Amino acid sequence: MVSEEDSTQSAMKQYGTTEPISLAGPTDGDNKRSLELENFMVECGLYERKEEAIKREEIISDITNIVKSWVKEVTRQKGYTNQTVEAANAILLTFGSYRLGVHSPGGDIDALCIGPHYVDREIDFFITLHGILACMEQVSQLQLIPDAYVPVMKFKFRGISIDLLYASISRMVVPQDLDISQASSILHNVDESTARSLNGCRVADQILKLVPNVENFQKTLRCLKFWAKKRGIYSNVSGFLGGVNLAILVARVCQLYPNAVPSMLVSRFFRVYTQWRWPNPVMLCAIEEDVELGFPVWDPRKNPRDRTHQMPIITPAYPCMNSSYNVSASTLRVMTEQFEKSNMICEDIELNKRHWSCLFRPFDFFRTYKNYLKVDVVASNSKDLIAWKGWVESRLRQLILKIERDTSGTLQCHPCPNDYSSKSKQCHCACYIGLKRKEGTRTEQVKPFDIRAAVEEFKELVYMCVMWRPGMDLNIAHIRRKQIHSHVVLPNYPNVSFDGVKREMISEDDSSMKKRICILLESQVYGKT
Ligand code: ATP
Ligand code: MG
């Protein structure tokens, strides 16, 4: 319940770059629906149990102690004086969903370790600290990703997944109460990888500062993450929404309706983003430049690449970036359809005609389309498969962009964010892309969709992988809906094999439309020799 005083405060303060759309607070009905929504979330198991929350705090405290003694040890090994060793310090800050207070049971913890300037990432973090962690019995599945856009060390600590980043700042001693909000001091003299590593924490802190009511923001974001997962659009890598994208979208709605409660915010979310005119950016504050620091920021007037972004969702801390550069015309269309459908459901919920459960119905991907592309990913052992699958999945959006390009957007693609492994085949998994002819395209004018060049270019791109090893293969096939069920559910389904150029004519069973999708596809098991 928003008190009159809160309401007046919100009315006086403007959150974000524009005035709010409405200052209205909740009616009794809104409060009732908020309570129902919250109960529904609890029933769905979205909140972790107290023991797990305590365990997470213990883990964070343990890792903090580990990095503190690691920095002292490195200081000693580098020959600094006892006094310097004594003062040497590292701090551990969380970010991502844990910092925002919206993590799900079993979810990961994103953490950033900040150390002094003489403790580097390449050797001290990725070799020395890695060695320390590798010997600990609480640590498992330790994995280094030093070449990533944001270099990271991944591991499980007492069963909880941790993504640990490192930033070395230009200070001799890291104070316990370091303020990372001031770009000019914290980003002074650091490289781009370090700025990116610091950015996750700076973004999370800013989001929490820029919303009118943190609790309402958290509850709404928790609902929308659950919704996006159920509707098959929670995946940054597939060109949909990830945690940070949703957090910014929700925060903007909170700014536009500063006195609204979660039930209102969820329905305003769908109303706002059904009407949003992309590629207008969603921003929580103005984008600032800093000539002295000179990091690149998102600016479509200056950077031609930024002009191609379909759904800009801008991070609120310097250097501001588009967090959803992965979105393609196809994935934006899929998300817009989902926003529209959910907007209608919310209108009914507000009229008490439907229950919240309707909003979270799982999306039935394999019944939605009549045609699919199946991308088979094969490796010779399970370790190779994990690496190869990660690489192929991170490139899959390129296939979609190429198909969009070669069919002038008339063949629409919907990537499924999940992959499916086959029980009959070892070291294999498959990704699926739903295919649909763009509505309004006249069937008689439509030639076969020729995606041979798109597929070939995609394969060339994928096989350029630096960690490619013999046995890592890829096969792309066109599958009908009638066949796909057996591919996904029945592991013994024989693989569809096409030799060379294959012309697949598929008659769709929608007789009133008499639509046919014909695809030219070069498809064969493709491997580096
Ligand atoms: P989840 O509950 O799924 O873990 P999350 O918000 O923690 O949600 P992660 O994918 O774990 O999301 O990412 C952790 C953090 O890394 C994000 O909160 C964000 O700060 C940063 N990050 C991830 N992807 C991006 C991106 N595309 N652009 C900018 N920052 C990103
Ligand atoms: Mg996370």
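Consider the stretch 42-83. How many of its residues are part of a loop (DSSP other than H, G, I, E, B) and of a type in the set (S, T, Y)?
The total comes to 3.
Would you check which residues across the stretch 42-63 are of a type in the set (A, V, I, L, M) and surrounded by 14 or more Cβ atoms within 10 Å (Cβ to Cβ) and list them?
Selection gives L46, I59, I60, I63.
Does the stretch 297-308 include one or more residues that are crowded, with 17+ Cβ neighbours inside 10 Å and of a type in the set (D, E)?
Checking the stretch 297-308: at least one residue is crowded, with 17+ Cβ neighbours inside 10 Å and of a type in the set (D, E).
From (1) within 30 Å of S357 (Cβ to Cβ); (2) within 16 Å of ligand 2 (Cβ to nearest atom), pick out the condition that doesn't hold for Q255.
(2)
Okay, residues lined up against (1) in contact with a helix residue (DSSP H, G or I) (Cβ under 6 Å, 6 or more places away or on another chain); (2) over 20 Å from T336 (Cα atoms):
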| position | (1), (2) |
| --- | --- |
| K389 | no, yes |
| R395 | yes, yes |
| L401 | no, no |
| T407 | no, yes |
| T410 | no, no |
| C413 | yes, no |
| D419 | no, yes |
| T441 | no, no |
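Can you tell me which of D299, D290 is farther than 30 Å from W356 by Cβ, out of contact with any Cys (no Cβ under 6 Å at 6 or more places or on another chain) and touching a residue at least 40 places away in the same chain (Cβ under 8 Å)?
The unique qualifying residue is D290.
Mind counting the residues in the stretch 91-106 that are at pLDDT below 95 and in contact with a Ser or Thr (Cβ under 8 Å, 6 or more places away or on another chain)?
1
Identify, please: which residue in the stretch 398-412 is open to solvent by less than 10 Å² (accessible area, probe 1.4 Å) and part of a helix (DSSP H, G or I) and is, among those, farthest from R437 (Cα to Cα)?
Filtering first and then ranking leaves L399.
From the list S104, S181, S170, S97, pick out the single residue that is within 16 Å of ligand 2 (Cβ to nearest atom) and assigned to a loop (DSSP other than H, G, I, E, B). Outline the logic, then answer.
Details: S181 fails: within 16 Å of ligand 2 (Cβ to nearest atom); S170 fails: within 16 Å of ligand 2 (Cβ to nearest atom); S97 fails: assigned to a loop (DSSP other than H, G, I, E, B).
Answer to the check: S104.
Quick test of your reading of the structure: S97 fulfils all but one of (1) over 20 Å from the mean Cα position of the chain (by Cα); (2) within 11 Å of ligand 1 (Cβ to nearest atom). Name the failing condition by number.
(1)
Please pick out the residue among K68, K78 that is surrounded by 15 or more Cβ atoms within 10 Å (Cβ to Cβ) and away from ligand 2 (no atom under 15 Å from the Cβ).
Numbers: K78 fails: surrounded by 15 or more Cβ atoms within 10 Å (Cβ to Cβ).
Criteria check complete, one pass: K68.
Hey, L198 hits all of (1) open to solvent by 40 Å² or more (accessible area, probe 1.4 Å); (2) within 12 Å of ligand 1 (Cβ to nearest atom) but one; which does it fall short on?
(1) is the only condition that L198 fails.
Rundown of residues vs (1) more than 16 Å from A53 (Cα to Cα); (2) surrounded by fewer than 21 Cβ atoms within 10 Å (Cβ to Cβ), yes/no style:
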site: G106; (1), (2): no, yes
site: H117; (1), (2): yes, yes
site: E122; (1), (2): yes, yes
site: L129; (1), (2): yes, no
site: S140; (1), (2): yes, yes
site: L144; (1), (2): yes, yes
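If we keep just the residues of the stretch 241-286 that are within 16 Å of ligand 1 (Cβ to nearest atom) and under 19 Å from E38 (Cα atoms), which is surrounded by the fewest Cβ atoms within 10 Å (Cβ to Cβ)?
Step by step, filter the stretch 241-286, then rank; the result is A251.
Considering only the stretch 1-41, how many residues are at pLDDT 95 or above, part of a helix (DSSP H, G or I) and open to solvent by less than 70 Å² (accessible area, probe 1.4 Å)?
10
Has the stretch 82-104 got at least one residue that is over 20 Å from V150 (Cβ atoms), among the charged types (D, E, K, R) and surrounded by fewer than 16 Cβ atoms within 10 Å (Cβ to Cβ)?
Yes, the conditions are met somewhere in the stretch 82-104.
Need the failing condition index for N189 against (1) modelled with pLDDT of 95 or more; (2) open to solvent by 20 Å² or more (accessible area, probe 1.4 Å), just the number.
(1)
Go over the candidates D348, D364, D376 one by one and state the one that is among the charged types (D, E, K, R), more than 16 Å from ligand 2 (Cβ to nearest atom) and open to solvent by less than 10 Å² (accessible area, probe 1.4 Å).
On the way: D348 fails: open to solvent by less than 10 Å² (accessible area, probe 1.4 Å); D364 fails: open to solvent by less than 10 Å² (accessible area, probe 1.4 Å).
Going through D348, D364, D376 in turn, the sole match is D376.
State all residues of the stretch 413-443 that are of a type in the set (K, R), at pLDDT 85 or above and either open to solvent by 40 Å² or more (accessible area, probe 1.4 Å) or at positive phi (or both); if no residue qualifies, say none.
Filtering the stretch 413-443 down to residues of a type in the set (K, R) leaves 423, 425, 436-438, 442.
Subsequent filtering for residues that are at pLDDT 85 or above retains 436-438.
Once the filter is applied, which keeps residues that are of a type in the set (K, R), at pLDDT 85 or above and either open to solvent by 40 Å² or more (accessible area, probe 1.4 Å) or at positive phi (or both), the stretch 413-443 yields K436, K438.
From the list V378, V392, which residue is modelled with pLDDT under 95, among the hydrophobic types (A, V, I, L, M, F, W, C) and closer than 24 Å to Y325 by Cβ?
Details: V378 fails: closer than 24 Å to Y325 by Cβ.
Answer to the check: V392.
The values are calculated or read from the model by the stated rules, or taken from the named source; none is laboratory data. Model, not experiment: these values are computed from the prediction. Here the Cβ is made from the backbone with ideal geometry for all residues, glycine too, and neighbour counts use every protein chain on show. When the accessible area is computed, the model is the full protein with side chains, heavy atoms only, and any ligands, DNA or RNA have been set aside. Shrake-Rupley method; radii C 1.70, N 1.55, O 1.52, S 1.80 Å.
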